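The values are calculated or read from the model by the stated rules, or taken from the named source; none is laboratory data. This structure is a prediction, so every number in the text was calculated from the model and none was measured. Methodologically, a virtual Cβ is constructed for each residue, glycine included, from the backbone with ideal geometry; neighbour enumeration extends over all protein chains shown. Calculation scope for accessible area: heavy atoms of the full protein, side chains included, ligands and nucleic acids excluded. Shrake-Rupley method; radii C 1.70, N 1.55, O 1.52, S 1.80 Å.
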Amino acid sequence: MDAIPLKTSKNNPEYAFGGPVGVTGIIVGLPLFVLFLITYITPDVHDILGNAFSFRSLLWVAGWFAFQAIFYLLPFGKIVNGLPLKTGKKLQYRCNAFIAFIATIIVSAILCWFYSFPLHEIFSNIIPLYVSTVIGVGLLSLYLYRRSLGKADVELSIHGTSGNPLYDFFMGRELNPRSGFFDWKFVCELRPGLIGWVILDLSMLAWEYNTSGTVSLAPVILTVYHAWYVGDALWFEPAVLSTKDIIEEGFGFMLAFGDLAWVPFFYSSQTQYLVRLRPQVSLWVILLSIGFHVVGYRIFRQSNLQKNIFRGNPKDVRLEGFRTIPTSVPGKDLLCGGWWCFVRHPNYLGDLLMTVGWTIVCGFGSLYPMVYYVYMFTLLIHREIRDEQTCRKKYGDAWNQYCIKVPWRIFPLIF
Ligand code: NDP
């Protein structure tokens with residue numbers, strides 16, 4: 001049988017993202033886009049941009065990263081095996097991100113309560129903190145690129161070995177960069193960005209209180225949604241070990257920027273909108289938003305759990321009575337029961353319903369909060385289209401049977 005051509009290899013570069021020119025545009029354009037979004041609703045933008053960089057902010061960002069990194073090394077939480085590498089070896093990871101989250105919240109509360117730490121100043125300094133984060137991401141990506149140069153081929157990602165330095169810097173070359181037990185990609189994947197997102201939200205609430213003497217209901221509710229979503233991701237931290245990011249992608253600018261800068265600063269944009277513009281949001285809209293969040297979360301969580309359980313042990317008693325479709329790939333039948341017989345990507349449906357809840361709690365007075373919704377919608381539709389292609393190629397006829405049994409992809413009767 002002919003070998004399937006690699007997506008990118010030194011001999012046959014088949015570029016994603018428009019190749020070296022496209023990734024140059026992303027490396028320059030994406031950080032500027034987030035800066036634009038943050039400054040768009042900032043009233044005193046000229047003053048702030050004049051102080052867009054400070055060494056103090058750089059130290060804060062470095063300290064934040066160090067705090068989360070050190071926590072990973074502390075002997076709390078279980079050690080989990082990753083999936084087998086190309087060499088057949090399995091790496092071990094410490095899964096204590098949820099404990100790190102709770103510890104960060106407790107330490108922040110103690111600092112605010114007993115040492116009068118000005119939490120609101122994090123938000124007041126959002127631009128220098130963001131600029132410092134982008135500088136940190138650039139330095140980290142250079143370090144990762146430099147250290148990957150001496151590595152053997154089995155330690156590299158096929159997506160980041162085109163031979164074009166700029167493209168490979170962006171895609172990431174080394175699959176599992178480690179300094180001893182410290183795994184750079186795994187630590188960055190969830191902790192500093194996701195926990196940072198919640199801390200940024202909390203500092204926005206503190207800022208609203210500090211500037212107006214009250215805190216509105218809508219941003220409080222949105223912060224609860226975000227903390228809930230982040231807590232859930234960190235609670236199920238071992239699930240990240242089987243994602244494409246960990247198994248397939250090298251660690252370079254793309255993942256580093258996404259994990260460390262994009263998530264906290266862009267994902268908190270709706271909260272920023274609410275505390276700065278303080279739109280009037282009726283109780284009915286808030287209740288509707290809670291409904292979307294709760295229903296969306298239920299679908300998101302249950303469907304992800306059903307698939308994870310099925311992939312771990314297809315005979316698990318919790319899946320009794322669920323239909324399955326046999327495939328020619330050993331150990332990988334398709335689940336056709338529970339949420340997975342409702343639509344083919346119920347977990348994306350749940351995520352998108354939650355995002356509707358998060359967006360309508362911002363009211364209907366501006367298109368600004370819609371930017372986050374449009375992003376999530378595009379991201380998940382694009383992922384679904386790519387995943388559909390991958391699964392059709394991988395499972396062939398079995399996938400076609402699945403499509404006949406479950407005709408809708410994400411939205412029943414629509415798509
Ligand atoms: P999935 O968890 O849906 O993974 C897709 C894979 O699942 C497929 O490639 C296939 O892999 C397996 N699969 C698909 N259908 C079936 C089936 N019927 N039975 C058994 N296995 C099946 O996608 P993601 O990793 O993209 O997303 C995971 C979660 O993370 C989602 O809830 C998503 O909404 C969320 N997410 C959130 C983001 C955010 O920024 N907030 C970004 C990205 C994702 P195989 O057969 O090889 O096991």
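The accessible area of Phe36, taken with all protein chains in place and a 1.4 Å probe, comes to roughly 110 Å². Largest first, the residues His382, His159, His120 sort by 1.4 Å accessible area into His382, His120, His159.
Its relative contact order, with pairs defined as Cα atoms under 8 Å and 6+ residues apart, puts region 1-146 at 27 percent.
Across the chain, Cα pairs under 8 Å and at least six residues apart give a relative contact order of 16 percent. Taking Cα centre as origin and charging only the Cβ of basic (Lys, Arg, +1) and acidic (Asp, Glu, -1) residues, the dipole magnitude of the chain rounds to 1000 debye. Across region 274-413, C-alpha contacts under 8 Å between residues 6 or more apart give a mean separation that, scaled by the residue count, equals a relative contact order of 33 percent. Taking the alpha-carbon distance from Lys393 and a cut-off under 17 Å, which lysines remain once sequence neighbours fewer than 8 residues away in the same chain are dropped? By straight Cα distance, Lys393 reaches Lys7, Lys244, Lys332. Put a dot 7 Å past the Cα of Ser328, heading toward its Cβ, do the same for Lys151, and the two dots end up 3.3 nm apart. Normalised by residue count, region 283-340 yields a Cα convex hull volume of 80 Å³ per residue. The residue among Tyr115, Leu59, Phe71 whose Cα reaches farthest toward the positive pole of the charge dipole of region 44-119, with charges on the beta-carbon of Lys, Arg, Asp and Glu, is Phe71.
Find how many whole Å separate the alpha carbon centroid of region 314-328 from the alpha carbon centroid of region 139-170. Rounded to whole Å, the Cα centres lie 40 Å apart. Stretching the chain fully between Tyr115 and Arg298 yields a gain of 62.0 nm (0.36 nm per residue, less the alpha carbon separation). May I ask you to give the percent of accessible area on the chain that is carbon plus sulfur, with a probe radius of 1.4 Å? In the chain, the share of accessible area belonging to carbon and sulfur is 67 percent. Can you give the local net charge around Arg146? Use residues other than it whose beta-carbon is closer than 14 angstrom to its beta-carbon, Lys and Arg +1, Asp and Glu -1. Net charge in that neighbourhood comes out at +1. Cα centroid separation, region 262-311 to region 337-415: 15 Å.
With Rh defined as the Kirkwood radius, the inverse of the mean 1/r over Cα pairs, the Rg/Rh of the chain is 0.96.
Coupling constants for region 391-402 follow from the phi torsions by the Karplus curve (6.51 cos²θ - 1.76 cosθ + 1.60, θ = phi - 60°), and in residue order they are 5, 5, 5, 6, 10, x, 4, 4, 5, 4, 4, 4 Hz; glycine and proline get x. In a DSSP loop and with at most 12 other Cβ atoms within 10 Å, the trypsin sites (Lys or Arg not before Pro) in region 70-124 are Lys86, Lys89.
Ignoring aspartates and glutamates fewer than eight residues from Lys78 along the same chain, the ones with Cα atoms less than 16 angstrom from its Cα are Asp183, Glu237. Separation of region 199-230 from region 57-106 is 26 Å, based on Cα centroids. Note on exposure: Tyr143, Tyr375 ranked by accessible area (1.4 Å probe, complete protein assembly) read Tyr143, Tyr375, with the most exposed listed first.
Using the Cα coordinates of region 184-306, the gyration tensor eigenvalues translate into equivalent-ellipsoid semi-axes of 29, 19, 10 Å, sorted from longest to shortest.
Under unit Cβ charges (Lys, Arg +1; Asp, Glu -1), what dipole magnitude, rounded to 20 debye, does region 184-319 have relative to its Cα centre?
Rounded to the nearest 20 debye, it is 380 debye.
Applied to region 168-181, the Karplus parametrisation 6.51 cos²θ - 1.76 cosθ + 1.60 on θ = phi - 60° returns per-residue 3J(HN,Hα) values of 5, 4, 6, 6, x, 9, 7, 6, 10, x, 10, 10, x, 7 Hz, with x for Gly and Pro. Dipole of the chain computed with +1 at Lys/Arg Cβ and -1 at Asp/Glu Cβ about the Cα centre; of Val275, Pro192, Leu129, farthest Cα towards the positive end is Pro192.
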